[in-house]
Each structure stands twice: as C-alpha cells, then as structure tokens.
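Q: Sharing a structure here in structure tokens format.
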Amino acid sequence: MRVKHYRSIVDCDVILSPLTVLLGFNASGKSNFLDALHFVADALETSPVQAAAGRGGLETLLHRSPEGAAASFELRLELSLGLPQSDDAVTATYGFKIGPDPTGEVPLLVLREAGSINLPSGTLRLPLGVHGRSSRLRLSASAIDEDAPQAVLESALRAMRFYELDSTVLRELDEKPPPRQPSLGPAGEYLGRVLGELAKDALGKERLDAYLSALVPDALGVDERREGRYSTVQARFRTGDGVETFLRESLSEGTLRAAGTLAALSQPAVLAGRVPLIGVEEPETALHPAGVNALYEALDDASTRTQVIVTSQSSDLLDSEYTRLEHIRAVANVDGVTRIGPVDAAGRSIVEKGLMSISELHRSGQMRPEWADQAPRQPGGGVGR
Ligand SMILES: Nc1ncnc2c1ncn2[C@@H]1O[C@H](COP(=O)(O)OP(=O)(O)OP(=O)(O)O)[C@@H](O)[C@H]1O
Ligand SMILES: [Mg+2]
C-alpha cells in the first residue's frame, strides 16, 4: 500500500504480510495508516465525499506541516485477486488521488483514479480516467457483470473489514432485526448473533472458545443469548467444581473485547473466504499481559484465512512463539511525519543474534522502522527520535 499526504503520512510504501502488526508509540501514525486503507473501502462502499465527511472532512485528512497543507492525498494498492475465470490469483492495482475543489462547489474532487488487472491474457487497464470535475469513484459505478474482473476488484476492496471494538457496544442488547448474514459491526455490533451463527459450525465455535479460555483466566466459552427477539452475549466460566454462566452486564471489558476480536477473526463471512482483509485496532486492550500472547496465535491462525492487520503498542502481545520479525512494521513519528517500515537492520540483528526477543526489543525502545535512520529528503530538518 502506498499512502501519500494522508494525515501524518507524507509518503509511505508498505508491504503488508498475511499478518501485519503495526507497532509504535502513541501518535506515531498506526491508526492513520490503517485508516487510509479503511478510507479506500469506505469510499467505494459509499463515496469519497461521505468517507471524508465521516472523518471530519477533507481538511483533516490532508497532511499538514508548518509549511501548510498538502494539495491532495493519494492512496494506491497492489493486491492479488482471485477471479472466477481463473484458478490462479492475479495481481491488480488500484488507487486514487483526492483534493479540494478550488471553486468550493463540491466538498472534494477525485483528481485521478487508475487501476489495472494482470489477466493471464494480458494487462487490463481499467477505464477509470477522470473526465472533468467529479467527486465520485468510477470503479464503484463500473460493475456491470459481477464476475467481470473490475467488479471482483471493487467488491474485494469493499469487503475489507475494520474494527475498533467498544465494550459498551459489545454488551448491547441487540434489538434490530438480524441482518441476513450477521457479520460483526465495526464497534462490535451483533456479537451475539455472530456467535449464534458461528455455533452452527461446531469446529469454528470450539476454536473461538479455546482461544477465549487461553486469553481470559477460567473462561470456557462465549455464546449467544436469545431473549425473545433480542440477542446478546453470555459467557461460561469455571467456578470451583462447576460452570457458571454470566450475562452481558457482568462480563468484564477484557472478556468482551477478547470475544469481539475472536468473533471478528472467525465470523462466518471470514470462514467463507468473503473477507480479504481484517484490520483491528489495538486488540490487546484490556487483556491481562499473561494471556495476551495467546492472542498472537489467534491472529496468526486467522491470517491463514484472511489478511490480518493490527495496530498495537504492546510488548506483551509479542511474547508469543508465533511472533515473527516479518510480521512487524515499526511505526515512528519523525518530526511530525509518520515512517513505517520493517524493523531496521540494527533491531533485526539484535533479535537474530539472540540478544533479545522481539518483545524485549520493543520494550527496550529499539524497534525502529528501516526508514527512521535515513536522513530526511528535504534539507533543514533533523532526524528526531
Ligand atoms: N492532517 C494531518 N496532518 C499531519 N498530522 C496529522 C494529521 N492528522 C493527524 N495527524 C497526527 O497524527 C497523529 C496521530 O496518529 P495516529 O492516531 O495514527 O497515532 P497512533 O499511532 O494510532 O497512536 P495511538 O497509539 O495513540 O492510537 C497525531 O499526532 C496527529 O497530530
Ligand atoms: Mg491509534
């Protein structure tokens, strides 16, 4: 993913792994990067205008520096795509550039939009060129036949899911009629219904419960609780010689958040292969350090079914036998500008020589992106830490 002039990012080119852990201190720009990817999905699902409005407007998205605001931002993805017409995945690119409307008539303009799909028969350049003034993305409007390569590209991008779980929402009594195929909402909406749906697949539900017991001491599992047409959650805990069920009001924040993250990773749409990517903000929040490493295994496991990106600042999360340097993208704020990259050579060598584990490297403050040590491109600025 290439991101230019979006929030704190000036220019980042990041290769994402099946599992990517964006690690960095507060305000380094982890959420901004994830949000850039989310913007692509939102802009295609609704429109760039709505996606920007939901984020406080274009002005908040354009990179600002003491020299002023950027004239536009640009997002570009390279991805692999499974097409119904071919057995092997093909590579594709898609991206756009957005800036303000100088006349002020519309909230923003799409200044450029481009995409291509490398079909076995040759490269298909998508006819997305911007003609005149437009605040819409042409990829959204181009889907005529749902099997057409560009429609597959568009729906794959729209199907990315992003989570910022909220325990109040996870705890809610859900009164709304169930969506046809319940999927977990961005803050954890429909947790009960998703668990109910998942229980139809015994293996999937067992796996979720097993991870929950590893994450939360004495927890045995989490289930949907139906109360008439309402749905919510309850959890089973080991108590003395027995098992006790606790209702939503008495569930701890950590239990709810663990259940939400696990449900996001194993919800039916993910198991069915319909979600190409899941982004989760700080999944370790409210979890006990001793259990949080089990979360890493759950993330790694899920990354065999969908691409997973998480933001984190926890060293404890990394304390897992499943943690790999290749999963990590270190994020740093250098003079107000976000830098994202693989762990730099110094950090890699410390881990490879066995001097520190990955979590110790992070804890010691020596986990830096490859980039941060390079001299700034523009003269005048110092390289901060
Ligand atoms: N348009 C912008 N131009 C420049 N910087 C921006 C812009 N919008 C946001 N920022 C900066 O981005 C930073 C916040 O980045 P972000 O929310 O991604 O941090 P984070 O790494 O997720 O931190 P946390 O761990 O606290 O969640 C803030 O310092 C903010 O000033
Ligand atoms: Mg953040």
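Q: Restricting the first residue to segment 318-338 and requiring it to be under 18 Å from residue 364 (Cβ atoms), which pairs with a second residue that is more than 16 Å from ligand 2 (Cβ to nearest atom) and basic (Lys, Arg) meet a Cβ separation below 9 Å and a spacing of at least six or different chains?
A: Here the result reads 318/363; 325/348; 330/368; 332/368; 332/385, each pair linking segment 318-338 to a residue that is more than 16 Å from ligand 2 (Cβ to nearest atom) and basic (Lys, Arg).
Q: Cβ-Cβ below 7 Å, separation at least six or inter-chain, first residue in segment 23-35 and closer than 11 Å to residue 282 by Cα and aliphatic (A, V, I, L, M), second assigned to a strand (DSSP E or B) and near ligand 1 (Cβ under 7 Å from one of its atoms): which pairs?
A: These pairs meet every condition: 23/331.
Q: Further question: Any residue that is part of a loop (DSSP other than H, G, I, E, B) and within 16 Å of ligand 2 (Cβ to nearest atom) - is there at least one of those in segment 256-277? It would help to see each step written out before you state the result.
A: Keep residues of segment 256-277 that are part of a loop (DSSP other than H, G, I, E, B), which gives 267, 272-276.
The next check asks that each one be within 16 Å of ligand 2 (Cβ to nearest atom); those that pass are none.
Within segment 256-277 (the criterion being part of a loop (DSSP other than H, G, I, E, B) and within 16 Å of ligand 2 (Cβ to nearest atom)), the answer is no, since none of the residues qualifies.
Q: Hey, could you check segment 280-305 for residues that are assigned to a helix (DSSP H, G or I) and not aliphatic (A, V, I, L, M) and say which is surrounded by the fewest Cβ atoms within 10 Å (Cβ to Cβ)? If you could, list the steps in order and put the result at the bottom.
A: Let us first name the residues in segment 280-305 that are assigned to a helix (DSSP H, G or I), namely 289-302.
Next, from what is left, pick out any that are not aliphatic (A, V, I, L, M): 289, 291, 293, 296-297, 300-301.
Working: 289: 12, 291: 19, 293: 22, 296: 27, 297: 16, 300: 19, 301: 16.
Here the residue is 289.
Q: Here's a follow-up. I'm trying to understand the selection: among the residues of segment 314-337, which are touching a Lys or Arg at 6+ places or on another chain (Cβ under 8 Å) and either more than 20 Å from residue 1 (Cβ to Cβ) or within 16 Å of ligand 2 (Cβ to nearest atom) (or both)?
A: 315, 330, 331, 332, 333
Q: Pick out, from segment 8-123, the strands (runs of 3 or more DSSP E) lying fully within it that include 1 or more residues that are within 16 Å of ligand 1 (Cβ to nearest atom).
A: 9-13, 19-23, 73-81, 90-99
Q: A further question on this structure: Do you know which residues across segment 4-22 are hydrophobic (A, V, I, L, M, F, W, C), farther than 10 Å from residue 337 by Cβ and within 15 Å of ligand 2 (Cβ to nearest atom)?
A: Hits for segment 4-22 are 21, 22.
Q: Within segment 238-267, can you find the residues that are small (Gly, Ala, Ser) and out of contact with any Gly (no Cβ under 7 Å at 6 or more places or on another chain)?
A: 240, 242, 250, 252, 254, 258, 259, 263, 264
Q: Something else now. State all residues of segment 188-220 that are on the phi > 0 side of the Ramachandran plot and surrounded by fewer than 24 Cβ atoms within 10 Å (Cβ to Cβ); if no residue qualifies, say none.
A: 218
Q: Additional query: Mind checking which pairs have a first residue in segment 60-74 that is within 16 Å of ligand 2 (Cβ to nearest atom) and a second that is of a type outside the set (A, V, I, L, M), Cβ under 9 Å, 6 or more apart or different chains?
A: Correct list of pairs: 60/7; 61/5; 61/6; 61/7; 61/35; 61/39; 61/55; 61/73.
Values in this text are rule-based calculations from the coordinates and carry no lab data. Model, not experiment: these values are computed from the prediction. Don't worry about glycine lacking a Cβ; one is built from the backbone with ideal geometry, like all the others, and counts go over all protein chains shown.
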